[in-house]
Amino acid sequence: MKTFIKGLMAGAMVFALTACGSSGASSTTEPAAANDEMQTAAYTFTNVTGEKVTDLYLYETGASEKGDNLAGEGMEDGGTTDVTFDLPKSEAEKKEYTVEFTTESGYTGTFGTLHFEQAPIYLISADQMTGATMISFMEPSATAAYTIYNQTGEKVTDLYLYETGAAEKGENLAGEGLAADESYDLTFDLPLSESKTKVYTIEFTTESGYTGTFETLHFEQAPISLISADAMTGATMIKFAKPE
């Protein structure tokens, strides 16, 4: 995680980097009144665009200069950057800032009405947008969707999908039994950053006692066919395909 500490001191924005080098943009202010208490803005930028962010700027809306590139040598997907700075309360209430970023593919996001506040800011892709803005103040969620087809040629009596390594398998998705050629739809949501690290196990048992296990299922949207031993062409008892 890159951490940038920024302070407004003696009428200028002064930047002190605690991790990787200096970063910032100039901004002039009026001298604060003796009784005008200082306020702190704190933003945590998280890249959830799915690709590297090559450029990231935070500057006062309308300013002629953007300041330093907060992405430095690049912010990888899932990477974060913290920015904090202080202003007298009377000035902070009037300020409005622009967040601007560009990804490796050239996708650009801009948000020009950021207030002086303390908030998480997620840089999102076009696919993740639910409105007109390319940022979110809440972490976007991701959806896993599996359609599981029973292609074993017999009833599946037990069907589980659980996080690999978990002590509990959870609910038997087969219920009272998943007949041959029947299917089961499973969907669930996770915070986007969490979904990228998950690995699941799918496990099934048929009426004859035949058992299949696959332990490296990713959080994704995919068809999964449970196949018989005779239908296997490799070492796994599932195929990522719909029945033909």
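FYI, it's all coordinate maths here, none of it is from the lab. Everything quoted here is computed from the prediction, not taken from an experiment. Quick reminder, even Gly has a Cβ in these numbers, built from the backbone with ideal geometry, and neighbours come from all protein chains shown.
Structure data summary
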| quantity | calculated |
| --- | --- |
| Peptide ranges 93-104, 124-135 listed from the most packed, as the mean C-beta count within 10 angstrom indicates | 93-104, 124-135 |
| FRET efficiency for E100 and T233, using Cβ-Cβ distance with R0 set to 51 Å, rounded to 0.05 | 0.55 |
| Calculated log₁₀ intensity ratio I(q)/I(0) where the Debye formula runs over C-alpha points of segment 159-244, q = 0.23 Å⁻¹ | -1.38 |
| Equivalent-ellipsoid semi-axes of segment 86-212, from the Cα gyration tensor, Å, largest first | 48, 15, 11 |
| Gain upon complete extension [E182, T213; 0.36 nm per residue less C-alpha separation] | 9.3 nm |
| Cross-link pairs K52/K94; K52/K196; K169/K198; K155/K198; K155/K239 - those with Cα-Cα distance over 21 Å | K52/K94; K155/K198 |
| Segment 76-123 - convex hull of alpha carbons, volume per residue in Å³ | 77 |
| Principal axis dimensions, largest first and in whole angstrom, of the chain by Cα | 82, 35, 33 |
| Residue-count net charge about S208 - beta-carbon cut-off 13 Å; Lys, Arg +1, Asp, Glu -1 | -3 |
| Theoretical FRET efficiency, 1/(1+(r/R0)^6), r = Cβ-Cβ of T84 and K196, R0 25 Å, to 0.05 | 0.40 |
| Proximal charge balance of Q128 [Cβ under 14 Å; K/R count +1, D/E count -1] | -4 |
| Total formal charge among the other residues, if their Cβ is under 9 angstrom from that of N150, Lys/Arg +1 and Asp/Glu -1 | -2 |
| Nitroxide proxy distance, nm - points 7 Å out along Cα→Cβ at E76 and M129 | 2.8 |
